[in-house]
Amino acid sequence: MMKKINGKITFGVLIILMVLLTSCTGRETDTTQQDWRKGTQAIEMNFIQGAPPSVVYNDDPIEFSVEVWNRGASPLFGDLYFTGFDDDIFSGMSKRPIRMDISDHKTKYNPEGGHDIISQFGRVILPEGVDVFKETRVVAEACYSYETISDVAVCIDPEPNKRDFSSDACRPKDVSGGSQAAPVAITNVQVEPTPQKTIFRITIKNVGKGTILDRTVVQDCLDSDVTFPLTDWVDVDEVKLGLNDHLRCETPNPVKLVNGVGKIHCIADNIRGSSAYATTLTIRLTYGYRESIEVPIEVRSTI
């Protein structure tokens, strides 16, 4: 009789342990899902192996193919250009823009993002008398529009000079923005409480590998007219507290980044009450972006 009771107890303990392990695993999964809006990439590009090959021969067909991923948290719309090659040697290959529309992006349920393959085909024709041509580096250059959305928890204190803080739910402090699954990020928010208003000093940074463009030149990003004055401009589309308390920003808009960094100052002057409280600061930025990859090709006349 005692053995049966011990067996039942052991079985019950095993069931409880299984339930606890399952609940812990579930919490870890939820944490992973909450991190989907992190990262410094929008586009990820790779030449598909063999397209183009490292060595190609005269009169052979040739393919340029790039695997394009949208690894960010917003839809990706823009153009891809193949450049760096001689149009006469690589016959049939075009340097005209090829449209990229990748509306799928990272979400809680799709942490990988959207995907596409962009290709074009031609033929290699070496000039007469040329045995080897080693000077070609095929470049795939992407120019696209993108968006950064940052949601950070902040503390608002309508009366920061009061003596008694015992009824306050929080204390105002600076917040690190981290990254937002985009190449432009809100990296820091300084919170400066004053009576009946709060000042936010927000740092914007280029955390990607490419160049920020004025949105107006994204469709013509490889033109010779697109020079330094048209780079590093970011539009601040929205800064708000909670659901609809839009802030007044005193910095000129769009914002010019210097050495990859820019700052904006925004004021919440509709603060009511007397006790501190926590809320969400939402910042939405839009911009153009340009980045590229390249691969070398050697062209030979014969095997």
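Any read-out appearing in this document is the output of simple, stated calculations on the displayed coordinates, not a laboratory observation. None of the values given here were measured: they were computed from a predicted structure. Counting neighbours? That spans all protein chains shown, and the Cβs are built from the backbone with ideal geometry, glycine included.
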- prompt: Given the Cα-Cα distance of Thr302 and Asp245 and 0.36 nm per residue of separation, how much length would full extension add, in nm?
  reply: 13.5 nm
Asn259-Lys38 pseudo-label distance in nm [points 7 Å out on the Cα-to-Cβ vector]: 2.8
- request: For the stretch 203-303, state which GluC sites (Glu not before Pro) are in a DSSP loop and have at most 12 other beta carbons lying within 10 Å of their beta carbon.
  value: Glu250
statement: 1/(1 + (r/R0)^6) with r = Cβ-Cβ of Leu222 and Thr279, R0 = 51 Å, i.e. FRET efficiency to nearest 0.05, evaluates to 0.70
message: Just want the answer: with Cβ charges of +1 for Lys and Arg and -1 for Asp and Glu, which residue in Val218, Asn46, Val236 is farthest toward the dipole's positive end in the chain?
response: Val236
Added length on full extension, which subtracts the Cα-Cα distance from 0.36 nm per residue, Lys134 to Asp237: 32.4 nm
statement: On each of the three principal axes the extent of the alpha-carbon atoms of the stretch 147-286, given in whole Å and largest first, is 62, 25, 23
query: If you place +1 on the Cβ of every Lys and Arg and -1 on the Cβ of every Asp and Glu, how big does the dipole about the Cα centre of the chain come out, in debye to the nearest 20?
result: 2060
field: Relative counts (whole %) of C-alpha pair distances in the chain, using bins that are 20 Å wide
entry: 26, 40, 23, 10, 1
- request: For an R0 of 41 angstrom, estimate the FRET efficiency from the Cβ-Cβ distance between Lys95 and Thr203 and round to the nearest 0.05.
  value: 0.60
- request: Specify the angular offset, from 0 to 90 degrees and rounded to the nearest 10, of the alpha carbon long axis of helix 2-34 from the longest principal axis of the alpha carbons in the chain.
  value: 60
- prompt: Which entries in Lys173/Lys263; Lys106/Lys263; Lys108/Lys263; Lys108/Lys173; Lys134/Lys209; Lys162/Lys205 show an alpha-carbon gap greater than 24 Å?
  reply: Lys106/Lys263; Lys108/Lys263; Lys108/Lys173; Lys134/Lys209; Lys162/Lys205
message: Running a GNM on the chain with Cα contacts under 10 Å, which residue among Leu213, Leu76, Leu222 ends up with the highest mean-square fluctuation?
response: Leu222
query: Glu192 versus Tyr109, label points 7 Å from Cα toward the beta carbon: distance in nm?
result: 4.4
query: Under 12 Å from the Cα of Lys240, which aspartates and glutamates turn up, not counting those fewer than eight places away in the same chain?
result: Asp151, Asp269
message: Only sites in a loop by DSSP and with at most 13 other Cβ atoms within 10 Å count here; which chymotrypsin sites (Phe, Trp or Tyr not before Pro) in the stretch 83-157 make the cut?
response: Tyr109
query: For the stretch 271-303, which trypsin sites (Lys or Arg not before Pro) are in a loop by DSSP, counting at most 12 other Cβ atoms within 10 Å?
result: Arg272
message: Going by Cα centres, the stretch 154-178 and the stretch 56-98 are how many Å apart?
response: 53
- line: What helix-only [θ] at 222 nm does the chain give? Using -39500 (n - 2.57) per DSSP H run of at least 4, over all residues, to the nearest 500, the answer is -4000 deg cm²/dmol
